[in-house]
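A short reminder: the numbers here are calculations on the coordinates, not readings from a lab. Since this is a predicted model, take the numbers as computed values, not measurements. Here the Cβ positions follow ideal geometry from the backbone for every residue, glycine too, while neighbour counts run over all protein chains shown.
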């Protein structure tokens, strides 16, 4: 817990210091001198999603966004990749397709389906604050409910055959609060925290510390974007999973999801190519199930593309 507190304090210090060091420049850029009214900053993010984390951006009202995300297999041979899978190109770890709809200026809803667990997700995002000259940050809340219709024999694999099987076991949930800030013309930073919940899980114990896997998994995370120009950026994101069961679990190793990518905006499209150590594209799987290790070649190539349409 001490390391977690230290990490959080460090991130908050960097955020606090960067804000005050750039406040004077930002104020000059964001105040309209003709009527002295604060103006909204240029868009902090190009898309509603960075790599594996949500951003505070929402779809405009009357607009639909269609998106496709794809993740290949592990690159390194030590993690099942290598030459015989063409560095993971022969494998589709996960595929996700979905739609998002702008309801109001700050509220969107969406639906998606991913390959892993055949998850069908309904989600919503509401932007609470928008960065201006007088408001130093943007803030949003995001919630998701997932349902898996996969075969009962798959869902309950490894469970007691006499266990009662009910449809509510197929549900999982995800919720988070996101805070971000754009610093000048080139850098955007986001911090987030939340909880992932699974209605059903197999009973498991970490033999190193005696901790059991839990239905509720809290997490913190963050992401950043460094813009090269108006249309292309280097992006990063990651999660820190607050689970004693996943700490130093040698029997079933887990790792924190860490990602890096390159993002390009072309007209109404946003295209991104990335590398990450998680096999999943949906937060309800990313948080509890990321096991691959970057140092063992357990990273995989992925890409995403989104397109907006006026309704």
Alpha-carbon centroids, region 234-311 and region 137-211: separation in whole Å: 14
Those residues of region 265-301 whose amide nitrogen sits under 16 Å from the label point placed on residue 150, 7 Å along Cα→Cβ: 279-292
Packing-based ranking, highest mean first, of 175-181, 157-163, 244-250 given that Cβ atoms within 10 Å are counted: 175-181, 244-250, 157-163
Förster radius 22 Å - calculated FRET efficiency between residue 230 and residue 262, Cβ distance, rounded to 0.05: 0.90
Contour excess over end-to-end distance, with Cα ends at residue 162 and residue 43 and 0.36 nm allotted per residue: 37.5 nm
Tail beyond 24 Å, pair distance distribution of the chain (Cα, percent): 56
Debye intensity ratio I(q)/I(0), log10, region 226-311, q values 0.11, 0.20, 0.24 Å⁻¹ (C-alpha model): -0.39, -0.94, -1.16
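Which whole-number percent gives the relative contact order of region 2-310, counting Cα pairs below 8 Å spaced six or more residues apart?
Dividing the mean separation by the residue count of region 2-310 yields 19 percent.
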The chain: angle of helix 2-30 to the longest principal axis, Cα-based, in degrees nearest 10: 30
Ellipsoid semi-axes in whole angstrom, largest first, where each is sqrt(5λ) of the Cα gyration tensor of region 179-261: 34, 13, 10
